[in-house]
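Visitor: This is the structure I want to talk about, given as structure tokens.
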Amino acid sequence: MLVSTLALLKVAYGRFIIGAYNVQNMEQVLAVFRGSLAARAPVIVATVPFARDYAGARMLQAMVRAADEMYPEAVAAMHLDHGDEAHCLDAIQSGFYHSVMIDASHLPFEENISMTRRIVERAHAAGLAVEAELGVVAGQEASHSASTRLALTDPDQAAEFVARTDCDSLAVAIGTSHGAYKFQGEQRLHLDRLAEIQARLPQGFPLVLHGASSVPSDEVARINAAGGKLNPNARGVDPADFARAWPLGVAKINIHTDAHLVWYRVHREHFRDHPENFDFRHPGSIFMEEFEKLIITRSEQLGCAGKLDEVREKIYAAN
Ligand code: 13P
């Protein structure tokens, strides 16, 4: 069942976090829906502009609709991740998405406000929710090519930004970054900053963490043992921090890199161990199983495992 992103975030707020998984091919879409069912967890299916360029926006939509028909018991919302203004408008007009992220965080504060406000007006008129971003999550962002350096979200600016834009959720910078190399030295999220931001926002206002992959060290070690070339010091978010983040208002986290690592490991190991194989279905099937397992593990760490029936009932009751 496809549901509104905002409805999911409201049910989750303060109690658990919902994982948003970026998808770009059939194997990922199937694994996300199967993972939702296996973990009994709601999920957010996200597409970035790169994925839309790769697979085609219409193809991604058709795959998600087909997965929803195949697994009607799963609970999922459809989200455009890291849209620029044109991508957001296209997604709003498509009638398919439940929410869009307008990523104008690289612009000066006033310009970020004006662009976000323009998208909010169009999205709300069409019944979609808008995620905006304030502060800079380091690493490469999908909507603009420059690699960025971390700038933590300012709590006072966050309060002004939310009031002036009327956005529905806010991605905040509290130390995460996109990609496999997030932390150097002591690994940490700035939870103190998160608490300050939450305190200045309206009660129940959902926050979002980008760059939330965990980059498991055993995954990195297996990839390198199978001939991969990742920095063995690659590190991500400690999954134990998720339980500290949901009481502070984080209701959604984005996961992209961890799925790539599963893909990389599965294919490297498969072709190392079966050099005679040239049938893509073999590693493809293993990838789907392994990605589904990742979704189950993350859902447990995010506290949303086992919440499927409760979420569905609350969303029905609210409509
Ligand atoms: P990761 O690179 O940590 O998976 O972050 C993905 C993300 O934030 C997409 O918006």
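Visitor: Given only helices, namely DSSP H runs of n ≥ 4 each adding -39500 (n - 2.57), what is the per-residue ellipticity at 222 nm of the chain, to the nearest 500 deg cm²/dmol?
Guide: The per-residue figure over the chain is -15000 deg cm²/dmol.
Visitor: Same structure, new question: In a Debye calculation with equal point scatterers on the alpha-carbon sites of region 1-140 and no solvent, what is log10 I(q)/I(0) at q = 0.09, 0.18, 0.21 Å⁻¹?
Guide: -0.26, -1.03, -1.32
Visitor: Using the Cα atoms of the chain, I'd like the radius of gyration and the largest Cα-Cα distance, Dmax, both in angstrom.
Guide: Answer for the chain, Rg first and Dmax second: 18.6, 60 Å.
Visitor: Then there is this: Wrap a convex hull around the Cα atoms of region 274-319, take a quarter of its surface area, and give that in square nanometres.
Guide: Approximately 4.9 nm², given one-decimal rounding.
Visitor: Over all directions, the average projected area of the alpha-carbon convex hull for region 191-283 comes to how many nm²? Intermediate values should be presented prior to the final figure.
Guide: Working: hull surface 30.3 nm².
Across all orientations, region 191-283 yields a mean hull projection of 7.6 nm².
Visitor: Take peptides 68-74, 259-265 and line them up by average Cβ neighbours within 10 Å, highest first, as a rough protection proxy.
Guide: Numbers: 68-74: 14.9, 259-265: 21.0.
Averaged packing, sorted descending, gives the order 259-265, 68-74.
Visitor: If you don't mind, there's one more thing I want to ask. Rounded to the nearest 5, what % of DSSP beta bridges with both residues in the chain are antiparallel?
Guide: Given both bridge residues lie in the chain, the antiparallel proportion sits at roughly 10 percent.
Visitor: Same structure again: For the chain, what number of Lys pairs, 8 or more residues apart or on separate chains, have alpha-carbon atoms under 22 Å from each other?
Guide: 9
Visitor: Using the Cα centre of the chain as the reference point, and only Cβ charges (+1 on K/R, -1 on D/E), how large is the resulting charge dipole? Debye, rounded to the nearest 20.
Guide: 280
Visitor: Sorting check: for 156-166, 200-210, which peptide has the highest mean count of neighbouring beta carbons within 10 Å, and how do the rest follow?
Guide: 200-210, 156-166
Visitor: Here's a follow-up. Apply the Karplus curve 6.51 cos²θ - 1.76 cosθ + 1.60, θ = phi - 60°, to the phi angles in region 112-127 and return the couplings in whole Hz, x for Gly and Pro.
Guide: 4, 4, 5, 5, 4, 4, 4, 5, 4, 4, 5, 5, 4, 4, 9, x
Visitor: Let me ask you something else. Rank-order 277-287, 20-30 by packing density, defined as the average count of other C-beta atoms within 10 Å over each peptide's residues, highest first.
Guide: The most tightly packed comes first, giving 20-30, 277-287.
Visitor: Another question about this same structure. How far, in degrees from 0 to 90, does helix 281-302 lean away from the longest principal axis of the Cα atoms of the chain, to the nearest 10?
Guide: Here the helix axis deviates by roughly 40 degrees.
Visitor: Could you give the distance between the Cα centres of region 213-283 and region 21-35, to the whole Å?
Guide: One Cα centre to the other: 15 Å.
Values quoted throughout were computed directly from the atomic coordinates according to the rules given, and no laboratory measurement underlies them. None of these values were measured; they are calculated from a predicted model. Don't worry about glycine lacking a Cβ; one is built from the backbone with ideal geometry, like all the others, and counts go over all protein chains shown.
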